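> Just dropping this structure here.
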Amino acid sequence: MKSKIAKFDHKSVETKWQKIWEEEKLYIPDIDSAPKPFYNLWMYPYPSAEGLHAGHAFASTGSDIYGRYQRMRGNDVFQPIGYDSFGMHSENYALKIGEQPAKMISRTTKNYEKQLKNLGHGYDWTRTVTASDVDYYRWTQWIAVQIFKAGLVANRQSLVNWCPTCKTVIADEQVEAGVCERCKTPVEKKNFKQWFFRITEYADKLLEGHKNIDWPNKIIATQKNWIGKSKGLAIKFKLDGSKEELRVFTTRPDTLWGATFLVVSSDSSIVGKITTKNQRQTISKYIDSTQKKIKEGEFEKEKSGVFSGSYAINPANNKKIPIWIADYVLSSYGSGAIMGVPAHDSRDWEFAKKYDLEIYQVVSGGDIKKGAYVGKGKIINSGSWDGKIYPDDLEYIQKDLIDKGWAEKKTLYHLRDWLISRQRYWGAPIPYIFCPNCAKKGESYFTLHKDRLLKKDQDDWDHAGWYPEENLPVELPELPDYQPTGSGKGPLANHPEFYETICPHCGGKAIRETDVCDTFVDSSWYFLRYPSVGTSDANKVAFDKKITQKWLPVNLYFGGAEHSVLHLLYARFVTMVLNDLGVVDFSEPFPKFYAHGLMIKNGAKMSKSRGNVVNPDDYIEKYGADSLRFYLMFIGPMDASPDFRDTGMEGMSRFVNRLWKLFKDFEKLSVEPDKQSQLRSLMHSTIKQVTQEISSFRYNTAIAKIMEYINGIQLVVSEKSTNGEGKKLLFEVIANLDLMIAPFAPHLAEEVWVERLNKPFSVHKTAWPSYDEKFISSDQATMIVQVNGKLRGQLLIDSQDAQNQDKVSEIAKREAKIAKWLEGKNIKKTVFIAGKLINFVIN
Ligand code: ANZ
Ligand code: ZN
């Protein structure tokens, strides 16, 4: 009788090793002198609930596996963790439960920490960053000051996105299809004076940098699209009966002959110039109504406009064409005016139909009675351009227009400046100071220090003020009235004790900004802080120069694709500015980025609002962290959207127990000489494949290979064999199995390594196994053997042999386990599926 093997006691094994790892400082690299630094980073989570859900566990495990793998490859892995604890995600939760945000954060982050530790992740817990801690946000403010001093901050009055539920303005990047990214409320437009980081100055650099980073194509494409570089021409149109001219931006100069009207944005400054007396009243009525619509966030539902009363001259054919005012032209793009080419632009076509404007075809193709023709074709009705081809001859046409002096080259970007002010409480106070006294004299940092600015061509920087660099931090006071007011000012604006200050320049009475920084300012630089946490200079500098040189840029950044135009764009921008200021010596913070997928549950994205959140704690308690980690990594490709199922979790727990049993039993087993080379080949080919799969984040297929490996081992070992060579080989096979599972099941692997295999602590610092091609005979295949349709055994054989029925039949009949079912029987028929299955039908 076989003795019953004790089940894997995950609880005691996991707590035991977590404690030893911590005592032995296994995951704390020598920050000053590690010879092979490898910075492995997962996007830090925001505490917006009591704890992590399985989606966080999925993502963080994916990052942890890579870190462990790199450590076994001989690297000194630095894997820090922290909390993006300022901002609306956290504040909204605090408001919901009615707890002071600071209290809520200190309570919930403790739970996050416990959960992350229970998952067995290899974090360096001595170097954490919590965005809302004053020893972190004083440096966020310092960064904001450096950007200010570089001339890359503007205080500007403009139409901005206002979320009525969050009661604050938000950045363009935080508006998704017209709704607030946080709370899904439709955003409104408001005219406010706000602080902006001038990211548009870096549009070209941000695009250029894409060439040097190894990121998923779709993320690069999203960023490119967001930046939206557009090359075209600014064409000049003379106003009829005046010397003035109007410029329009176009990417289709080939359609100039087809421009039958011009359109000016209703909130453009040009409107005043072109409005005729007769039309004044109609126009101001129209503008009032569109302003109202804009405020209510209603855009372009249906195009509308009014005639201005003025005309322009189309330079191509000298025709007089009407100038209209309409809301489908944006004042913030190009010149805020366009040439209407209804035959070839769908928006213009709709507009022309509605107001009965002339439609004049200049590129052949389509049916312009039914809609605009936007495709390629021969140019017609266009004087000397007739016969040219759109788009092939665009360059010729551009040159012709420029030579005639009718147009200039122009490049535009869709990217807007990054709006960083929030009328909320829970954020780093924006550390800028406004001094009415200096303003009266026309003085500000910008006017007095033009020479120091990286960007000297700012036109809206007047009296933007000063900064208290020597007196940082500007601490966020604890307030009883921290709720957002909705008045257009944050809660800090109700506290003179906060905002009354002294001007750093003239010593007079001055006012602090009362808005706080957007949460994405905190996360735009946190990766710079981690390695410097805890150094002797940590409260003198944001980050240590030498340490930063050693550890940055980040070797592997792991995170969600949803941040492509938020965090990932902002972090690149801030790094580029710091690079230009000579503060860091690289311009790309994340040369390699891996985008993981989002976990779903019952077919929907896992989220609190859907009530389908899975708490990892319950599964760790019941099955153990190793089983959970294996499961999360096995359910699908890391970049897909795996669906969490309890049944799958149970299956994985059975697998872990099977694994455990093999580790407990293997000493009683050996391998007969005729099967040794086969097993050796399997071992080397498995190492090869698992190595390849892990290095490319295909963890699910790596686990599948490991499972096949275990099946293969079990097919060739036997309890009867006492072969010495076979025992030695099996030990090697088992040790390598343990090394390969170490990144996935760190506790189990350590227990086996130290307690079963008697190897020196720690498996996680042991070299990743290597393979030798010369032992890999050829691919192996597993054949299922049935007798009368019932599974009676499996064979691990050369995959070429597995194609040949006679060969498989011969090998199968030799196997004792199978032979006993065939003994004395007459085989009536054999069913064979090459490479997969053989079924002997007997009577
Ligand atoms: C004439 C024309 C004819 C156009 C045609 C297109 C097709 P991107 O690629 O996005 O840069 N445009 C220019 N300024 C605008 C504004 N402020 N608001 C709204 N639309 C504006 O697109 C450039 C095109 O968008 C320009 O080319 C212009 O319409 C329009 F058959 O000019 B086009
Ligand atoms: Zn002053």
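Read-outs: derived from the displayed coordinates by stated rules, not from any lab. Worth saying up front: this structure is predicted, and the values here are computed from it rather than measured. Note: ideal-geometry Cβ built from the backbone for every residue, glycine included; neighbour counts use all protein chains shown.
> Starting from the eigenvalues of the Cα gyration tensor, five times each then square-rooted, give me the equivalent ellipsoid semi-axes of the chain, largest first, whole Å.
62, 38, 23
> In addition: Can you give me the Cα centroid spacing of the stretch 502-576 and the stretch 585-643 in angstrom?
That distance is 27 Å.
> Collect residues whose amide H, placed 1.01 Å from N in the peptide plane, falls under 5 Å from the amide H of Leu262; neighbours closer than 5 in sequence don't count.
Result for Leu262 returns Ile323, Trp324, Gly340.
> Give the distance, in whole Å, between the Cα centre of the stretch 804-843 and the Cα centre of the stretch 156-187.
For the stretch 804-843 versus the stretch 156-187, the Cα centre distance is 70 Å.
> Also: Enumerate the amide H contacts of Ser607 below 5 Å, restricted to partners 5 or more residues apart or on another chain; note that Pro and chain-start residues carry no placed amide H.
Amide H neighbours of Ser607, under 5 Å, 5+ apart: Asn612, Val613.
> When we measure straight from the Cα of Lys668, which aspartates and glutamates land under 15 angstrom away, once same-chain ones fewer than 8 places off are left out?
Glu719, Glu725, Glu732
> Now for a different question. Please list, or write none, the lysines whose alpha carbon is within less than 19 Å of the alpha carbon of Lys441, excluding same-chain residues fewer than 8 places away.
Filter leaves Lys450, Lys509.
> Are there any trypsin sites (Lys or Arg not before Pro) in the stretch 34-118 that are in a DSSP loop and have at most 16 other Cβ atoms within 10 Å? List them by number.
In loop regions of the stretch 34-118 (DSSP not H, G, I, E or B), the sparsely surrounded trypsin sites (Lys or Arg not before Pro) are Arg73.
> Using a cut-off of 27 Å between alpha-carbon atoms, which lysines can reach Lys370, once sequence neighbours fewer than 8 places away in the same chain are excluded?
Lys301, Lys303, Lys319, Lys320, Lys353, Lys354, Lys378, Lys388
> Given R₀ = 41 Å, what would the calculated FRET efficiency be for Leu822 paired with Lys605, taking r from the Cβ atoms and rounding to 0.05?
0.15
> Follow-up. For the pairs Lys189/Lys489; Lys720/Lys813; Lys622/Lys661; Lys25/Lys705; Lys11/Lys664, flag any whose C-alpha to C-alpha distance is greater than 21 Å.
Violating the 21 Å limit, Cα to Cα: Lys25/Lys705.
> With the Cα gyration tensor of the stretch 624-723 giving a ≥ b ≥ c as the square roots of its eigenvalues, does the rule (a/c under 1.5 for rounded; else a/b larger than b/c for prolate; else oblate) give rounded, prolate or oblate?
Oblate, since a/c reaches 1.5 and b/c is not below a/b.
> Moving on. How would you classify the stretch 176-281 from its alpha-carbon gyration tensor, with a ≥ b ≥ c the square roots of the eigenvalues: rounded for a/c under 1.5, else prolate if a/b is greater than b/c, otherwise oblate?
Here the stretch 176-281 falls in the oblate category.
> Can I ask one more? Which residues' amide hydrogens lie under 5 Å from the amide hydrogen of Leu837, considering only partners 5 or more residues apart or on another chain, with H built in the peptide plane?
Amide H to amide H, under 5 Å and 5 or more residues apart or across chains, Leu837 pairs with Ile784.
> Go through the stretch 340-355 residue by residue and turn each phi into a ³J(HN,Hα) via Karplus (6.51, -1.76, 1.60, θ = phi - 60°); whole Hz please, and just put x for glycine and proline.
x, 10, x, 5, 10, 9, 5, 5, 5, 4, 4, 5, 5, 4, 5, 10
> Then there's this: What GluC sites (Glu not before Pro) in the stretch 189-250 are in a loop by DSSP, with at most 15 other Cβ atoms within 10 Å of the Cβ?
Loop-located and lightly packed - Glu244.
> From the phi angles alone, apply the Karplus equation (6.51, -1.76, 1.60; θ = phi - 60°) to the stretch 610-625 and give each ³J(HN,Hα) in whole Hz, x where the residue is Gly or Pro.
So the Karplus estimates, Gly and Pro as x, are 8, x, 10, 7, 9, 8, x, 3, 4, 6, 5, 4, 7, 10, x, 5 Hz.
> Mind putting together the pair-distance distribution for the stretch 1-138? All Cα pairs, 5 Å bins, whole percent per bin, short to long.
Answer for the stretch 1-138: a P(r) of 2, 9, 16, 18, 17, 14, 9, 7, 3, 2, 1, 1, 0, 0 percent.
> Roughly how many nanometres apart are two label points built 7 Å out from the Cα toward the Cβ at Lys103 and Lys277?
Going from the Lys103 label point to the Lys277 one covers 6.9 nm.
> With the crude spin-label approximation of a point 7 Å out along Cα→Cβ, what separation in nm comes out for Glu478 versus Thr185?
Once both label points are built, they end up 2.9 nm from each other.
> Around Leu239, what is the net charge, scoring Lys/Arg as +1 and Asp/Glu as -1 over all other residues with Cβ under 11 Å from its Cβ?
Residues near Leu239 contribute +2 overall.
> Can you classify the stretch 773-843 as rounded, prolate or oblate using the Cα gyration tensor, where a ≥ b ≥ c are the square roots of its eigenvalues, rounded means a/c under 1.5, and otherwise it's prolate if a/b beats b/c and oblate if not?
Prolate, because a/c is 1.5 or more and a/b exceeds b/c.
> Here is a further query. Please work out how much length the chain gains when fully extended from Thr647 to Glu815, using 0.36 nm per residue of separation minus the C-alpha to C-alpha distance, in nm with one decimal.
57.0 nm is the gain from fully extending Thr647 to Glu815.
> Ranked highest first by average number of other Cβ atoms within 10 Å, how do 571-578, 398-405, 318-325 line up?
571-578, 318-325, 398-405
> Would you calculate, for the chain, the mean residue ellipticity at 222 nm contributed by helices, counting each DSSP H stretch of 4 or more residues as -39,500 (n - 2.57) and dividing by all residues, to the nearest 500?
Estimated from H runs of four or more residues: -10500 deg cm²/dmol.
> Within the stretch 66-163, list the GluC sites (Glu not before Pro) lying in a DSSP loop whose Cβ has at most 14 other Cβ atoms in a 10 Å radius.
Glu99
> Please work out the FRET efficiency for the pair Lys664 and Lys622, using the Cβ-Cβ distance as r and a Förster radius of 22 Å; give the result to the nearest 0.05.
E(calc), rounded to 0.05, equals 0.50.
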